[in-house]
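Down below is the structure, laid out as structure tokens.
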Amino acid sequence: MSKRSALLEAQRFLEDRLSVLRPYLESADVNEVMINGEDDVFVESAGQMRKVDVRISETTIDSAIRAVMMLNAKDAGHIMDARLEGLRVAAALPPVAIHGPMMVIRKHARKLFRLQEYVESGAFDRLDRDVVHVEHDDGPEREKAAGAGGAGLAEFLRWAIRTKKNLLLAGGTSSGKTTLLASCLLEIPDEDRIITCEDTNEIQIQQPNRVQLEAFAPAGIGIRDLIRLCLRSRPDRIIVGEIRGPEAYDFLDAMNTGHPGSLCTLHADSPEQALTRLESLMRMAPAAANLPLRDMRAQIASAIDYVVFQSRAGGRRAPQKIVAIDGQDDEGRYQMRVIFDRLM
């Protein structure tokens with residue numbers, strides 16, 4: 001059997017074995033499908049998890065995982081992070097998965113949301129908002145408008161992208177970081193060259209001059225390697241899907257050496273924790289292992305202009321808080337200004 005025939009067979013097999021999940025995978029309301037075991041399937045819909053009446057045998061789950069591995073040219077290991085069209089798949093096999101093979105299928109947004117759609121849905125609104133009119137197209141005026149939320153917040157984000165501010169989008173699992181990142185990327189001019197670096201491709205890019213890079217663990221190619229390749233590939237914008245390790249050092253170094261307008265996401269529970277986590281991840285890089293904390297914070301403060309903290313507050317996936325990083329104080333602490341707080 002040829003490689004192409006094997007891939008087609010794997011695709012058909014996968015669609016057949018997971019056919020019981022089709023109603024959930026095709027539903028616009030379902031974001032994720034979680035297969036914990038044979039008769040233990042949950043879905044996340046409208047921000048709420050619920051168990052569904054679906055049964056899939058261990059053999060079927062195992063076979064589906066191996067089919068995904070084949071379609072992604074992944075080794076048949078015990079842990080997998082892969083992708084299918086419109087989907088991202090995380091999976092594990094025994095003995096890593098104690099109760100049998102498991103899969104989590106995350107659906108990409110079927111359409112890209114523009115910032116205006118956040119405004120129209122009310123996701124950018126504060127609970128008690130005042131309308132602020134912008135008189136001048138500069139930073140202070142844009143920040144002031146953002147504080148009121150709504151259209152002012154959308155205009156602030158457009159201004160930040162247009163003027164090449166570096167943004168760190170932080171938040172918890174399933175808080176909508178990648179969706180907001182995609183919305184921000186839509187504001188990048190078509191003439192800019194965009195290069196993305198991801199563990200598993202998830203970011204959607206519409207601009208014509210784009211290169212999307214994906215890590216390849218079997219060959220030992222990680223995000224750090226992708227960022228280094230990116231720097232040799234004439235980027236106008238560097239986008240890292242998620243900072244998880246020592247690549248934090250390489251990404252911040254890139255932003256501090258002539259690559260403004262870059263964006264990345266990071267798992268964290270607050271803007272403050274996002275900066276602390278960046279410090280910890282930077283320490284993983286040999287070049288930063290013995291870097292004094294004050295110097296490390298200076299590098300972070302110099303690179304990051306704004307931290308956008310995303311959450312599901314109020315039942316919506318939207319920015320909860322945005323802070324500006326204005327350097328350090330005399331004691332080496334970050335100087336942070338709250339630009340927007342959805343809960344105030």
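The values are calculated or read from the model by the stated rules, or taken from the named source; none is laboratory data. This structure is a prediction, so every number in the text was calculated from the model and none was measured. No Cβ is skipped: glycine too gets one built from the backbone with ideal geometry, and neighbour counts run over all protein chains shown. To get the accessible areas, we keep the full protein, side chains included, count just its heavy atoms, and leave off ligands, DNA and RNA. Shrake-Rupley method; radii C 1.70, N 1.55, O 1.52, S 1.80 Å.
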From DSSP H assignment alone, runs of 4+ in the chain each adding -39500 (n - 2.57), the sum over residues rounded to the nearest 500 puts [θ] at 222 nm at -9500 deg cm²/dmol
In Å², and per residue, what accessible area does the chain have when probed at 1.4 Å with the other protein chains present? 48
From the Cα trace of segment 198-344, what convex hull volume per residue do you get, rounded to a whole Å³? 130
So, with +1 on the Cβ of K and R and -1 on the Cβ of D and E, and no other charges, what is the size of the charge dipole of the chain about its Cα centre, to the nearest 20 debye? 540
Under a Cβ-Cβ cut-off of 15 Å, what is the net charge of the residues other than I56 that fall near it, where Lys and Arg count +1 and Asp and Glu count -1? -3
Among the DSSP beta bridges whose two residues both lie in the chain, what percent are antiparallel, rounded to the nearest 5? 65
What FRET efficiency do you get for V211 and L186 if R0 is 22 Å and r is their Cβ-Cβ distance, rounded to the nearest 0.05? 0.80
On the protein heavy atoms, probe 1.4 angstrom, tell me the percent of accessible surface of the chain carried by carbon and sulfur. 48
